[in-house]
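*Asks:* The following block contains the structure, expressed as structure tokens.
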Amino acid sequence: MWDSFIQGLELAMRWDTFAMMSVGLILGMFVGALPGFTTVMAMAILLPLSFFLDPLIGIPFLLGVYKGGIYGGSIPAILVSMPGTGAAVATTFDGPALTKKRKARKALEIALYSSVFGDLSSDIVTILFIGPIALIALMFGPPELMAILFLALIVISATSSGVFVKGLLMMCLGLFLGLVGQDPIGALSRFTFDIFAFRAGIPLLPMLIGVYALPEILIAVENKTVGVIRQNIRAREGGRLTFAEFRGCFRSICRSTMIGTGIGMIPGLGQVVAAFMGYAAAKNASKTPEEFGKGKLEGVAAAEAANNAVNGPTLVPLLTLGIPGDNITVILIGAFIAQGMRPGPQLMVEQGPLVFAILVAMVFANLLFLVIGYFAIPLFALVVTIRRSILLPLTVVFAFAGSYVTRSDPLDLVILALFGAFGYLAKKLSFDVTPMVMAFILGKELEYSFGQTMVLAQGNLLNYVFLERPITAVILVATPVLSFLLWRKSKRMRAEFAVDDVG
Amino acid sequence: MPPPDETADTGTEQARRLNFNSVFGGLFVALSAVLLLIIPDQIEKPLIIFAANQNDLKPSLFPQLVAVGFGGLGIWLFFKSFSIRERNELRGLRLPAIVNISVTLLAMLLYGPLMVSVGFVVASALLIGFLSTFFGNRNYLLTAAIAVAVPVTMFFVFTKLLATYLPPFPIDTVLTRLYLL
């Protein structure tokens, strides 16, 4: 692992990686700063760009969008009390009050510094954790992999927004959509309904863009989007943040970073919950809790450090076990697959240096993030006022172009529009699409490992699993217990903080 | 949006009535039945070599498990629906919202064939112009500038920098002529 890390470090030292990561950060901050445009949407739309770039350029580019987007959401949250992304809702508790006190610049700077600190620290933890976890994952055979994938799907359904059984049904729907095409064991054609195009299965990219980007557009157009924020943007108002002020928030930043890092490793919780937990912990620990919500820098710092600290650790289950923990990592797994990197236990063995290079690039992205954020805050503050009546059509064009270029098949555009309509209806009817997309992505691997397990069991699955594969048995027995516990925790947190989704 | 409350006040008259979740429960059960019926026809028969399958695993096993999953979970949702307190947000949509969404979806559906027939740049310019005006933007000069500049830039980024394909007419034709001249 150490050798892989050193090789990864060498691989990451490329100017084009840094250049595209900077572009990703700028685009992410731009989209994050637009109220109503989520990081998930930005990543879904920009995903096709990464397909045609070298893995060491394309994936850091998307990671830049991810990091920039989560931070960018804090800009309108502070300036106009409209969170750019769900992750920035907790920032609206103190940010706008600081703006009213003519301390907008201090608020934006503490948001930037705490975001960078949270993100950087959690990225380092990710690099430290990923090697040992990958080594454990390497001991897994097909039965263990099957059990882990099954556990992941059930946990994601349990922690999805909405009712558990609806999450499970969406998971089944994803598994069914994954059945269309060829079966992974015998390469037999199935559920193609004699349509030739379906023999290759349902394409992933139009599905991802369709369910994650288009519903946001349709929700935005429910009310015509002529409205534009006419409020004066006062990003330069007030003095700069002093070192003493930063030091005053430092304990909260460290606490929130730990909270965010822990939350990031648990599938299904995400940035929103982390931000609220970080904020609540800072308030509880404060000697002056009554000042929270009335314009306290520590409130902004706690929320921002926590939500950015989630970014790195979400990659741990993704890269070691192939399990995306939330809708953002679902999109990332699409990018990895398109680059020929199948996340899972074997990835660290086959492409360890590349994985470490990507992780090292993430660490460097934080430094770029600091520089770009520092100089571009006033510019991104102006983004808040851009007319959505112009941006929404451009988003549609980008979504369609991105879907088309991968296969140059007009059918993909129809599939995209259909999944867009489906995603919109699902949102309106409180069905979470993330379990569906995850099941669609992981379904083939689950089926393949299930098939291998059946062959190994020679017809006696229960005896084989419980007598010969103790790890598999433990995971399978733990699945309902873990799912119940996580479901209860997720439900309690969502109810407590009244949150719905991440990104 | 606050999450649905699954536990509180489960015995209200509102909750006891059939609702959209009950309907979806029924639909998923029906889907399960349909899948179980069509599975034998929709899965290609495995290759038989020397009168034996290549392995003992039935190709229909996993799809059947998924179909049974739909049935079981559909029944669960049906019974659970009486205690779920969720709002069908589609019912709250007003006519202007329905018109806006329908027009946007229609424009998206037409954009695909239009892109293939008249080319990416022209189709995109038309879509941007139409949707932007429909959404209430009345700055036509700005719209026109963006409707042309953005698709042209995107066309070059995708086709030249990323070496992918987008329907070219008329940009490539024009450029080829200019180059030949």
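The values are calculated or read from the model by the stated rules, or taken from the named source; none is laboratory data. From a predicted model like this one, the values you see are computed outputs, not experimental measurements. Neighbour counts run over all protein chains shown; Cβ positions are idealised from the backbone, glycine included. These area figures cover heavy atoms from the full protein model, side chains too; ligands, DNA and RNA do not enter into them. Shrake-Rupley method; radii C 1.70, N 1.55, O 1.52, S 1.80 Å.
*Asks:* From A:405, A:437, grab the single residue that is assigned to a helix (DSSP H, G or I), touching a Ser or Thr at 6+ places or on another chain (Cβ under 7 Å) and in contact (Cβ under 8 Å) with a residue 60 or more places away in the chain. Give the derivation first.
*Replies:* Working: A:437 fails: touching a Ser or Thr at 6+ places or on another chain (Cβ under 7 Å).
Result: A:405 is the single residue among A:405, A:437 that is assigned to a helix (DSSP H, G or I), touching a Ser or Thr at 6+ places or on another chain (Cβ under 7 Å) and in contact (Cβ under 8 Å) with a residue 60 or more places away in the chain.
*Asks:* With (1) farther than 21 Å from residue B:119 by Cα; (2) without any contact (Cβ under 8 Å) to a residue 40 or more places away in the chain; (3) touching a Phe, Trp or Tyr at 6+ places or on another chain (Cβ under 6 Å) as the list, and residue A:389 as the residue in question, which single condition is left unmet?
*Replies:* For residue A:389, the exception is condition (2).
*Asks:* Among the residues in segment A:310-322, are any open to solvent by 10 Å² or more (accessible area, probe 1.4 Å) and modelled with pLDDT under 85?
*Replies:* Yes - at least one qualifying residue is present in segment A:310-322.
*Asks:* From A:365, A:309, A:282, which residue is over 20 Å from the mean Cα position of the chain (by Cα) and of a type in the set (A, V, I, L, M, F, W, C)?
*Replies:* A:282
*Asks:* Going residue by residue through segment B:135-152, is there one that turns out to be under 21 Å from residue A:421 (Cα atoms) and open to solvent by 10 Å² or more (accessible area, probe 1.4 Å)?
*Replies:* Within segment B:135-152, the first condition is being under 21 Å from residue A:421 (Cα atoms), and the residues that meet it are B:135.
If we keep only those that are open to solvent by 10 Å² or more (accessible area, probe 1.4 Å) too, we end up with none.
No, every residue in segment B:135-152 fails to be under 21 Å from residue A:421 (Cα atoms) and open to solvent by 10 Å² or more (accessible area, probe 1.4 Å).
*Asks:* Here is a further query. Residue under question is residue B:77, and the condition is that it be in contact with a Gly (Cβ under 6 Å, 6 or more places away or on another chain), facing chain A (nearest Cβ under 9 Å) and closer than 18 Å to residue B:23 by Cα; does it hold? Spell out the reasoning first.
*Replies:* Working: in contact with a Gly (Cβ under 6 Å, 6 or more places away or on another chain): yes; facing chain A (nearest Cβ under 9 Å): yes; closer than 18 Å to residue B:23 by Cα: yes.
Taking the combined requirement at face value, the residue satisfies it.
*Asks:* Looking at segment A:370-398, which of its residues are facing another protein chain (nearest Cβ under 9 Å) and open to solvent by less than 10 Å² (accessible area, probe 1.4 Å)?
*Replies:* Matches in segment A:370-398: A:389, A:392, A:393, A:396, A:397.
*Asks:* Select from segment A:164-198 the residues that are part of a loop (DSSP other than H, G, I, E, B), open to solvent by 30 Å² or more (accessible area, probe 1.4 Å) and more than 8 Å from chain B (Cβ to nearest Cβ) and write down the one among them that is nearest to residue A:272 (Cα to Cα). Show your work before the answer.
*Replies:* Quick first cut of segment A:164-198, residues part of a loop (DSSP other than H, G, I, E, B) only: A:180, A:183-188, A:191-195.
Subset that is open to solvent by 30 Å² or more (accessible area, probe 1.4 Å): A:184-187, A:193-195.
Next cut, more than 8 Å from chain B (Cβ to nearest Cβ) only: A:184, A:187, A:194-195.
Details: A:184: 37, A:187: 42, A:194: 44, A:195: 42 Å.
Only one residue tops the list, namely A:184.
*Asks:* Any residue at all in segment A:473-480 that is within 19 Å of residue A:158 (Cα to Cα), open to solvent by less than 70 Å² (accessible area, probe 1.4 Å) and not hydrophobic (A, V, I, L, M, F, W, C)?
*Replies:* The answer is yes, given that some residue of segment A:473-480 is within 19 Å of residue A:158 (Cα to Cα), open to solvent by less than 70 Å² (accessible area, probe 1.4 Å) and not hydrophobic (A, V, I, L, M, F, W, C).
*Asks:* Now a separate question. Which pairs do you get when a residue that is more than 8 Å from chain A (Cβ to nearest Cβ), found in segment B:97-122, comes within reach of a residue that is part of a helix (DSSP H, G or I) and β-branched (Val, Ile, Thr), reach meaning Cβ atoms under 6 angstrom, with the pair 6+ apart or on two chains?
*Replies:* B:121/B:152; B:121/B:171
*Asks:* Related question: Please specify each residue of segment A:59-91 satisfying the condition of being surrounded by fewer than 24 Cβ atoms within 10 Å (Cβ to Cβ) and either at pLDDT 85 or above or in contact with a Phe, Trp or Tyr (Cβ under 6 Å, 6 or more places away or on another chain) (or both).
*Replies:* none
*Asks:* Going through A:26, A:45 one at a time, which residue ends up being within 20 Å of residue A:326 (Cβ to Cβ) and either more than 16 Å from the chain's Cα centre (by Cα) or of a type in the set (A, V, I, L, M) (or both)?
*Replies:* A:45
*Asks:* Here's another thing I want to ask about it. Just checking, does segment B:83-94 include any residue being in a helix (DSSP H, G or I) and exposed (fewer than 14 other Cβ atoms within 10 Å of the Cβ)? Reasoning before the result, please.
*Replies:* Step one: of segment B:83-94, the residues in a helix (DSSP H, G or I) are none.
Looking for residues that are in a helix (DSSP H, G or I) and exposed (fewer than 14 other Cβ atoms within 10 Å of the Cβ), one finds none in segment B:83-94, hence no.
*Asks:* Name the residue that is nearest to residue A:219 (Cα to Cα), counting only residues in segment A:399-418 that are facing chain B (nearest Cβ under 7 Å) and either in contact with a strand residue (DSSP E or B) (Cβ under 9 Å, 6 or more places away or on another chain) or open to solvent by 20 Å² or more (accessible area, probe 1.4 Å) (or both). Step through it out loud before you land on a result.
*Replies:* The initial filter retains those residues of segment A:399-418 that are facing chain B (nearest Cβ under 7 Å), namely A:400-401, A:404-405, A:408, A:410, A:413-414, A:417.
Those still in the list that are either in contact with a strand residue (DSSP E or B) (Cβ under 9 Å, 6 or more places away or on another chain) or open to solvent by 20 Å² or more (accessible area, probe 1.4 Å) (or both) too: A:408, A:410, A:414.
Values: A:408: 28, A:410: 25, A:414: 20 Å.
Checked segment A:399-418; the qualifying residue nearest to residue A:219 (Cα to Cα) is A:414.
*Asks:* Counting only residues that are under 18 Å from the mean Cα position of the chain (by Cα) and assigned to a loop (DSSP other than H, G, I, E, B), which one in segment A:124-163 is surrounded by the most Cβ atoms within 10 Å (Cβ to Cβ)?
*Replies:* A:160
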